[in-house]
Every structure is written in C-alpha cells, then in structure tokens.
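First the structure, in the form of structure tokens, and then the observations on it.
The values are calculated or read from the model by the stated rules, or taken from the named source; none is laboratory data. Not measured: the values here are computed from a predicted model. Here the Cβ positions follow ideal geometry from the backbone for every residue, glycine too, while neighbour counts run over all protein chains shown. Surface areas here come from the heavy atoms of the whole protein model, side chains and all, with no ligands, DNA or RNA. Shrake-Rupley method; radii C 1.70, N 1.55, O 1.52, S 1.80 Å.
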Amino acid sequence: MSYTARLKRLTSDVDLDTVRELKVPIGIALVAFLLRPVLGSELVLGTPHIATTILIWMLFAAAFNLLFGYVGLLSFGHAIFLGTGVYVTAIGLSEFGLPFSLMTVVAMVCSGVIAYGICRIIVRYGEIYFAMLTLAFAMGVHFIVNSNPYGLTGGSDGLRSGTTPEWIGSFRGQRVIDVPWFADLLGAFGLQPSYYYFVAVVFVVAMVLLWQLIRSPFGQTLVAIRDNAELARAMGISVNRYKVWAFTISGAFSALAGALLMLSNYGAAIENFSPETSAEVLLMTIFGGANFFFGPLVGAFSWFGVQEFLQSFEVLGLPVVGAIELSGVLGYWRFFFGFAFVVVILLSPRNGVWGYVRNGVQNGIDALRQRGSDD
C-alpha cells in the first residue's frame, strides 16, 4: 500500500477541517497541561517547579507579541504593565484585604488605562521614537514605585506580607488551591489541585481569547498595518487608533500575567518594573519567533529551560579529558543563551526557533508526500 493510500485510510474517519480549525486551541491546552509533566521528567530537566513561572511568562510574551509581532511596534517599556498587574493585586490584598479576582480585574483595567494614555501621547511618532519613549516611561514608573509613594509599594523591598489569598494553601511544600469544587474537578482527572493547574486554566482562557482576537477582523487589520501602514491608511483605516487599542489590550493581558506572577513569587518586587524585564520578554519573543502565535511561547520555554539546565549542569564528562567542573562558568548562562540567540537570528531572523523547526517539519512532510506520490 502506497504512502498516499495509507494516509487517506488513516484520515478517512477524521474531520480534518475541524482539526485544522481547532489546532491552535488544542495546542494551547496541550502546552498548559503537559508542560509540568514534561519538565518533571528526568529525561528533560527533572524540575517541575519552574513550570508555573514558564507558563506565566508565556502569557506575558504572547501579550507583548500582540504589539510587536502583529502590529510591528517595539516597546521597551512593557514591564510597566507586568509590574502594574503585580503591584495592584499585591496592594489590594495586603493593604485593603480585597479579593484576588477583583484585584486582577482592577489591575487589568488600570494597566489598560495606562497603556491607552501612553500610546495616545507617543503613537504619532516614528517607530524608533516610539520604542525610546516607552523606555522613558518605564524608567519613570520604576522610579516612582521605588520611591514608595504613600507607603504603598514598599520601595526597594517590595511587598511580601499579606499577599497570599486564603484559598491558597500549602501541602508538602507545594502551593495548592483550597477550593472544594476545583479540587473535585482536577481529582476527576487524577490531578492534584496545585497552583500550577489554576495558572494553566487561566492561561488557556487568556491565550484562546488572544487567538480569537488575532484571527478576528481587528487582528487582521493589525497585520495589514504591520505589512504596509501607508496602504492601510490610504484604504481609510485609522492606523493610529488601531495601534492605540492594540497597545491597550496588550497592556491589559500583561497585567493578567503580572497578577499570576505575584502569587507565584509570594508578593511584589521592584524588579518587575525594571528595564531588564522588558528586555527579557523582547528576547524571548524574537528567539521563539515573532511571526507566529506559538513563537513567544517557545521563546519563554527556551529562556527558562536553558537557564535551569545550565545552572544545574555542574560536571561535563569527556572520554579522553575526563570530568570538567563547569558550575562556575555556567553561572553566566546569559552568555550562552546570547550565543544561541545570535545563531537563531542568523539562520531565521523573523521566524525564530519555532519558525525554523516548523519549516523544517513542513519540508519533511512535503518530501514524504512527494516520495509517496512517486511510489
């Protein structure tokens, strides 16, 4: 039986159109619920504790890519919105005793308003000036938060006390969700009600919303603006208005990631507002592939995966030389990631790791199909 005949037989009972339509939501769900078991495997890293942080940064990178990858605007100040999510939820919990769910919504609204105001001011300037002005705003906000206005932000010490909601407990050193219906729901699938799965559910919902936004007429208009802003303007599209709203939505979803990060980190830290945070999410997005929806997710996974692997890789055994101590060298893991970043940029400037692998797999499939048709 030829390859083509076997392929037709395999897919005869499957609605391929439905699979293609839902492949992104299915992929999002698989990433969310398989990330921790995969990272916990000894064949990969054996460190499932970093899965929650990776998932949160995947959401932050995807929110950032709505602006960078789909509009073509570079922001050096996206830490403003992550930090707003972190600090607004932390202040609401520690100072006013408000529910986490309410403060998450408030944080997203506040971040969206801040993003809207900033973008309305700077959207009229060119791309380079836009990037530099976002950096200037980020440095200004960092200074304000560090100065501890009205004693709310804790200055350089951040906020730690009273930032954990009552429905989050601890079991054998792990954070668990102490909500009966959530525990029963996960128990039906044989899963523990850990904080990771709470983040996974929020991640799936948020990512599906972003995916629906990107494939909507609004999202397609953003892509048209990215490809040719002058042509879009000639067609009657209000380019600046779409950019402002893309910036606003990106800021709101970044704040959602910040709220989850606050719980994961047991409080708020001034580093969440630092320019290094904005630079990290930019590097993740470019490394993974800004042209693809899953690109930033791959970039975030690579960033933290390489960090964890290199920092835990202490001894290298070579056949002739023997054991070489590397713990002191691999502490500078950013150097090695930077080298990998340069290689990826040279091989796949806009497509990143995800685009490079995706194109390679597609070329392999095409080659198999061609061989099957020849047979």
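How long is the gain from ALA136 to VAL205 if the chain were fully straight, where each residue apart is worth 0.36 nm and the alpha carbon distance is subtracted?
21.6 nm
Considering only MET58, PHE335, ALA246, whose Cα is most displaced toward the positive end of the charge dipole of the chain, charges sitting on Cβ of Lys, Arg (+1) and Asp, Glu (-1)?
ALA246
For an R0 of 56 angstrom, estimate the FRET efficiency from the Cβ-Cβ distance between ASP157 and ASP366 and round to the nearest 0.05.
0.50
For ILE168, list long-range residues whose amide hydrogen, built 1.01 Å from N in the peptide plane, is under 5 Å from its own amide hydrogen.
For ILE168, the qualifying residues are ASP178.
Each residue of region 210-225 in order: what ³J(HN,Hα) in whole Hz does its phi give by Karplus 6.51 cos²θ - 1.76 cosθ + 1.60, θ = phi - 60°, with x for Gly and Pro?
Whole-Hz 3J(HN,Hα) from phi for region 210-225: 5, 5, 5, 5, 5, 8, 7, x, 4, x, 5, 5, 4, 5, 4, 5.
Which one, ILE122, THR285, VAL306, is farthest towards the positive end of the dipole of the chain when Lys and Arg carry +1 and Asp and Glu -1 on their Cβ?
Going by the charge dipole, the pick is ILE122.
Which chymotrypsin sites (Phe, Trp or Tyr not before Pro) from region 174-257 combine a DSSP loop assignment with at most 15 other Cβ atoms within 10 Å?
Counting only loop positions with at most 15 other Cβ atoms within 10 Å, the chymotrypsin sites (Phe, Trp or Tyr not before Pro) in region 174-257 are PHE189.
Between ASN359 and LEU231, what length in nm is gained on full extension when 0.36 nm per residue of separation is reduced by their alpha carbon distance?
43.2 nm
Please get the size of the charge dipole for the chain, origin at its Cα centre, with Cβ charges of +1 on Lys and Arg and -1 on Asp and Glu, quoted in debye to the nearest 20.
That gives the chain a dipole magnitude of about 840 debye.
Counting only protein heavy atoms, what percent of the accessible surface of region 125-258 is carbon or sulfur at a 1.4 Å probe?
After summing per-atom areas, the C and S share lands at 62 percent.
What accessible area per residue, rounded to a whole number of Å², is obtained for region 120-178 using a probe radius of 1.4 Å?
With all protein chains present, region 120-178 gives 68 Å² per residue.
With a point put 7 Å past each Cα toward its Cβ, work out how far GLU166 is from VAL109 in nm, to one decimal.
2.4 nm
Choose one of GLY169, ASN148, ASN351: the residue whose Cα lies farthest towards the positive end of the charge dipole of the chain (beta-carbon charges +1 Lys, Arg; -1 Asp, Glu; about the Cα centre).
So the residue furthest toward the plus end is ASN351.
Quote the FRET efficiency, to the nearest 0.05, computed for TRP181 versus SER41 with a Förster distance R0 of 30 Å and r equal to the Cβ-Cβ distance.
Computed FRET efficiency for TRP181 and SER41: 0.50.
Simple spin-label model, 7 Å along Cα-to-Cβ: GLN307 to SER147 in nm?
My value for the distance between the label points is 3.0 nm.
Take the Cα atoms of the chain, build their convex hull, and give its volume per residue in Å³.
Per-residue hull volume (Cα only) is 201 Å³.
Grab every C-alpha pair in region 45-186, bin the distances at 10 angstrom width from 0 up to the longest one, and report whole percents.
Spelled out bin by bin, region 45-186 gives 10, 31, 34, 19, 6, 0 percent.
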